[in-house]
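Structure first, then comments.
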Amino acid sequence: MTTRRKARSLAYLFRSFLKSEKRQDELDEEFQFHLDMRVRDLMRSGLSQAEARREAVREFGGVQQLKEQCRDNWGIRLYENFKRDLRYSWRQILKQKRFSVVIILIMGISIGLNTLMFSLIDSVYLNPGLYPDEDRIVRIADVFSGRNARNIKSWMTSPLYYLERKEQSRVLENIGVYQTDWAIVRDLDNRSNSPYQQLLVSPSLLETLSLKPFLGRFFTQEDIDSGNHEVVILGYAFWHNRYGGDPNVIGSKMLIDDEPYTIIGVMRSDFNIPFGFDPDGTDPRFETPFMTPWIERPWHKTARGRQHNYCNTLGLLKPGQTVQNLKTELQEINSRNSPLFPEAYRYEIEHAHEIAIVPLKDDLVRNVRTQLSLLLISFAFILAMACANVSSLFLSQNRVRSGEFGIRAALGASRLRLIGQILIEKCTYSFLSCAVGLFFLWIAHTIISQTNLYDLFLIPPKPRWSYNLLIYLLISGVAIGVFTGLLSTLGIISKEGFGKMMKEQSRSSTRGKAAKRYQSTLLWCQLTLSTVILVFGGFLLKSFVQILKIDPGFDPDNLYTVSFNLADSDYDNDAKRQFMAELKKRTQELSDVESAGISFFPPLKWGGNHTTRMVTEQDWIQGIRDSSICIQDSVDTTFLATLDISLISGRYFNESDLRNNARNIIIDRRIADKHFNDTDPIGKRIALRNHPSPPDRDNPGNWYTVVGVVESVVRSNLIDPSAMGTIYRNVNEYIPYWFTLVAKSKSNPTHLRASIRDIRNSIDPFVVMDKEETMSEIMNKQHRFNRYLLSIVSLIALIGLFITGIGLYGIIRFLITQNRKEISIRIALGEGIHKVRLNVVSYWAKISMISTIIGASLTVLLSIKFETLLYKVNPGDPFVLLFSVFFIILIIIGTAWLSSTSIKRSNLLEVLRVE
Amino acid sequence: MANKTNDLLQGALDLLVLRSLVSEPRHGWGILKRIEQSSKEVLIIHQGSLYPALYRLERQGFIKSEFGLSENNRKAKYYSLTKQGQAQLDHEVANWNQFASAIADVLQTA
């Protein structure tokens, strides 16, 4: 066909489409004219008008078929059929209102859930929208493995690795470094100081992430090169809290660690630098109070600078470069530089050094992959259940209408035409369901945007409305409509043909074998999937109960905790000692207080760990110089007893230790087992070092004597406790700049709040009190993640049960209607109604038992895959399995009984007449 | 005879319709009558075949249609030949003559 002819044909098609109604009228008119002319001719030959018209119509043939043939040439037959089918579908939906509402509700919920899942994945993984070039940003880390490796869990790098890569990489467009550090800031009243965990950031990181300030400017490499590095950028919340959002703050000074820093900018409220989940490191929920420049130090370019992994680095790939290219290049850079630092090189070899590079988007979901997979699978299950359910209901509907389909088939409708009509009808349901799904999605988005989901996601999802989302919703809606529609046609439009279907319909109401088989399969799938979700929900519930039962190693009941900041400049060490002693003494004198103690870093309070490095004297003598990491705390004489931390051997600190600032130390069971497994640790010595540069270990002043061994406690994370041991130092020897008072109350610990405030006011009202909370409140925070997960899976299980219940009810009612004749005959022959109902229930009880057993077995397999989400629950836990299976069987039997109440004594003759 | 005409090939029907429109525009009934008259009532076109053929030819751009008044003052749809239709007719006529001549040759030889 030439182009001109194609164009003409298209224009004709377009005209037909626009003027289809008019063309239809013209066709009618043309046929009428033809018939009238023929009637005139026949009347001239002697026939009466009636005879002539009859004869003319007979000669002309099937007018409707002829019109169809003519319309075929207009090229818009599909469109015409579509319009007709749509009108017909709408009438069907209105005719069966209750059925339609159930279908639309089930499909709407599943479409909404499915789109919500897409929306979540889009906002946390596919398109988090955090940084303009987020597709090219990668996290670079140096990972070591083996015994005593420094950073098995954390993805960090050392200053020298970073500097080498910054100078030598050609694959990277930019690379930046950042870390956190504690800093003491002089408060505005100029009397007190407050500790803050600040962010140290290289200017190149801000360029890598293309971050922009809210006010002022960010620091640049020029600031640092010109020695003007005492500049600070405030966090948005910090700026509001401390300066009341005053824009004139730019240019003013802030005392950080007693050094004046110039405020040059304010971060935006959505400022975000990604930290990985690190159980023993920085809290991912870390909100930056302020940031100062990361400065290159002379020691960074020495062996030490290569060995100490504590920096986070993010790189920006040049356009067109890949992660693999970068990995190859960094390995080459490393093999060139490593031999220059023999000690560090040996460490790399011994601990299987590996350069880990991961795209930022993957890094953001690295630790929530399991949770995302679980959500994805749960939602997929709901979708599959809804599809099986809706198909099953559609199948029932189609069976009821099989007579109608048979008649249409006999009148010449093709199989394809009928399938098309059914699909359009089902898609109409889908579109209406999409509207319900949209509403459901709106509710879910509103809930999510008002809920803090930090516990589930590293970057809290901020679902957005976008064209992509709406397109996804529509496509998924149509796909579900087509899929369920096709499934529902399987039993009806079979190869045996419509004639058979018609015969079957007229002879008896007994269902066709194929339809019965499909329907049974769909039902089984549905029941099995419900069982899987319910049983897994049971596992999570038990897991949650187990978490609530975790023994933290101390008694958390009736413990009240409150932290105090002591101004370094106003309080010298003696003043601090006096303040702590006075506070504790007066607290102990309160009538409601059993005991009170003081600690620098009490368990679970700060969400992280304060660590140091240690080496035993015995190891030192044997030439072992490699120190190991441990948690350190400084406590007074009564703290360990107040928490009821058991003493294994030796003693707690006493007043003499405090008075003499004795260099005595208490260790926990983990350190005792690891370093003194065959000997009694009491009286042995340990050296500590807090700085990368160790003090002279031969100096006896560096050594601490072990005076007691206590039971290990959970320090920062209840569910994933650190394997590190803890050492307790004497609070008067290692004086913290803030501390926590822990008081054991005889009754409700919150009653102590006012009394302790009064005590503080009477000693020094300017000392800042912070984090006033009971230990139970602290522990509840730790359960939040599991509570979220449990809530989500429970919600999904409930939706699943709801869908199954409705579907099952509809199907059983349908089957009872279908078998009305048989049931009526049995009742007429003397069988009691209750017996018939019992038969229905026992049939479904059998079905439910088989499907729940299959479902339970599948869940066991699934739970093995998701074992990490379960806490001390065996995937084959018989109690959970039996309880869940029993519960679902109960639901199914209940639904069957409810449905069977529709069986009533009816007039047999009437039924047979209707049949 | 009627049986024979019912077996008319689609190409032959198109040819006859196009030829009937050479002299003047006609409506469907007129085309039918014209073919019957021209063939001395040997070729009787089934009414059910005519209209789909007319719509097909119109879609192909060989004929065009417009409403006008018939001889008894009734509104009727008139079909007329387009330039492309005229060219197609010439082509079809040539083909037909070639085909008929070939058949005649075979019959004479046999």
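The values are calculated or read from the model by the stated rules, or taken from the named source; none is laboratory data. Only a predicted model underlies this, so the values are computations on that prediction, with no experimental measurement involved. All Cβ positions, glycine included, derive from the backbone under ideal geometry; neighbour counts span all protein chains shown. Just the protein is used for accessible areas: all its heavy atoms, side chains included, with ligands, DNA and RNA removed. Shrake-Rupley method; radii C 1.70, N 1.55, O 1.52, S 1.80 Å.
Evaluate segment A:403-417: report whether one residue or more is at pLDDT below 75, in contact with a Ser or Thr (Cβ under 9 Å, 6 or more places away or on another chain) and either outside the structural domain of A:SER530 (by TED's automatic domain parsing) or on the phi > 0 side of the Ramachandran plot (or both).
Within segment A:403-417, one or more residues are at pLDDT below 75, in contact with a Ser or Thr (Cβ under 9 Å, 6 or more places away or on another chain) and either outside the structural domain of A:SER530 (by TED's automatic domain parsing) or on the phi > 0 side of the Ramachandran plot (or both).
Could you check A:ILE853 against (1) in contact with a strand residue (DSSP E or B) (Cβ under 8 Å, 6 or more places away or on another chain); (2) open to solvent by 50 Å² or more (accessible area, probe 1.4 Å); (3) among the β-branched types (Val, Ile, Thr) and say which number it fails?
With respect to (1) in contact with a strand residue (DSSP E or B) (Cβ under 8 Å, 6 or more places away or on another chain); (2) open to solvent by 50 Å² or more (accessible area, probe 1.4 Å); (3) among the β-branched types (Val, Ile, Thr), A:ILE853 is out only on (1).
Keeping to segment A:353-399, report how many residues are within 20 Å of the chain's Cα centre (by Cα), of a type in the set (Gly, Ala, Ser) and modelled with pLDDT under 75.
Total satisfying the criteria: 1.
Contact list please: Cβ distance under 7 Å, first residue in segment A:629-643 and closer than 14 Å to A:MET580 by Cβ, second residue acidic (Asp, Glu), pairs at least six apart or on different chains.
Pairs found: A:THR637/A:GLU655.
Counting only residues that are among the hydroxyl-bearing types (Ser, Thr, Tyr) and in contact with a Pro (Cβ under 9 Å, 6 or more places away or on another chain), which one in segment B:66-110 is most open to solvent (accessible area, probe 1.4 Å)?
Applying the filter and picking the extreme gives B:TYR78.
Scanning segment A:99-131 for residues that are of a type in the set (Ser, Thr, Tyr) and more than 24 Å from A:GLY807 (Cβ to Cβ), which turns out modelled with the lowest pLDDT?
Narrowing segment A:99-131 to residues of a type in the set (Ser, Thr, Tyr): A:100, A:110, A:115, A:119, A:123, A:125, A:131.
Now narrow it down to the ones that are more than 24 Å from A:GLY807 (Cβ to Cβ): A:119, A:123, A:125, A:131.
Values: A:SER119: 82, A:SER123: 76, A:TYR125: 73, A:TYR131: 84.
The selected residue is A:TYR125.
Given B:ILE35, B:ILE44, B:ILE103, which one is touching a Ser or Thr at 6+ places or on another chain (Cβ under 7 Å), over 24 Å from A:ILE76 (Cα atoms) and not in a loop (DSSP other than H, G, I, E, B)? Steps first, please.
Values: B:ILE44 fails: not in a loop (DSSP other than H, G, I, E, B); B:ILE103 fails: touching a Ser or Thr at 6+ places or on another chain (Cβ under 7 Å).
The match here is B:ILE35.
Just checking: which of the helices (runs of 4 or more DSSP H) contained wholly in segment A:24-113 hold 1 or more residues that are aromatic (Phe, Trp, Tyr), within 14 Å of chain B (Cβ to nearest Cβ) and out of contact with any Pro (no Cβ under 8 Å at 6 or more places or on another chain)?
Details: elements: A:49-60, A:63-74, A:77-95.
Filter on segment A:24-113 gives A:49-60, A:63-74.
So A:SER226 ticks every box in (1) under 14 Å from A:PHE290 (Cβ atoms); (2) free of Cβ contacts under 8 Å to residues at least 12 places away in the same chain but one. Which box is left unticked?
(1)
Could you tell me how many of the residues in segment A:289-344 are small (Gly, Ala, Ser) and free of Cβ contacts under 8 Å to residues at least 40 places away in the same chain?
Qualifying residue count for the region: 3.
Looking at (1) part of a helix (DSSP H, G or I); (2) modelled with pLDDT of 80 or more; (3) not charged (D, E, K, R), which one does A:PHE17 not meet, given that it meets all the others?
(2) is the only condition that A:PHE17 fails.
Can you say whether A:ARG170 is assigned to a helix (DSSP H, G or I), among the basic types (Lys, Arg) and modelled with pLDDT of 80 or more, as far as the supplied structure shows?
no
Can you pull out the residues in segment B:50-64 that are more than 9 Å from every other protein chain (Cβ to nearest Cβ) and surrounded by fewer than 19 Cβ atoms within 10 Å (Cβ to Cβ)?
Within segment B:50-64, B:LYS64 is the sole residue that qualifies.
In segment A:369-379, is there at least one residue being out of contact with any Cys (no Cβ under 8 Å at 6 or more places or on another chain) and outside any helix (DSSP H, G or I)?
Checking segment A:369-379: not a single residue is out of contact with any Cys (no Cβ under 8 Å at 6 or more places or on another chain) and outside any helix (DSSP H, G or I).
Would you pick out the residues in segment B:9-47 that are surrounded by fewer than 19 Cβ atoms within 10 Å (Cβ to Cβ), in contact (Cβ under 8 Å) with a residue 40 or more places away in the chain, within 11 Å of chain A (Cβ to nearest Cβ) and not aliphatic (A, V, I, L, M)?
Matches in segment B:9-47: B:HIS46 only.
Would a scan of segment A:239-252 turn up a residue that is surrounded by 18 or more Cβ atoms within 10 Å (Cβ to Cβ), in contact with a helix residue (DSSP H, G or I) (Cβ under 9 Å, 6 or more places away or on another chain), aromatic (Phe, Trp, Tyr) and over 22 Å from A:LEU330 (Cβ atoms)?
Yes, segment A:239-252 contains a residue that is surrounded by 18 or more Cβ atoms within 10 Å (Cβ to Cβ), in contact with a helix residue (DSSP H, G or I) (Cβ under 9 Å, 6 or more places away or on another chain), aromatic (Phe, Trp, Tyr) and over 22 Å from A:LEU330 (Cβ atoms).
So that you can scan it fast, the table gives a plain yes or no per residue for (1) under 30 Å from A:PHE99 (Cα atoms); (2) touching a Gly at 6+ places or on another chain (Cβ under 9 Å); (3) open to solvent by 10 Å² or more (accessible area, probe 1.4 Å):
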site: A:GLU332; (1), (2), (3): no, no, yes
site: A:GLU354; (1), (2), (3): no, no, yes
site: A:ALA380; (1), (2), (3): yes, no, yes
site: A:SER391; (1), (2), (3): yes, yes, no
site: A:GLU404; (1), (2), (3): yes, no, yes
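Would you confirm whether or not segment B:67-88 contains a residue that is at negative phi, within 7 Å of chain A (Cβ to nearest Cβ) and part of a helix (DSSP H, G or I)?
Among the residues of segment B:67-88, not one is at negative phi, within 7 Å of chain A (Cβ to nearest Cβ) and part of a helix (DSSP H, G or I), which makes the answer no.
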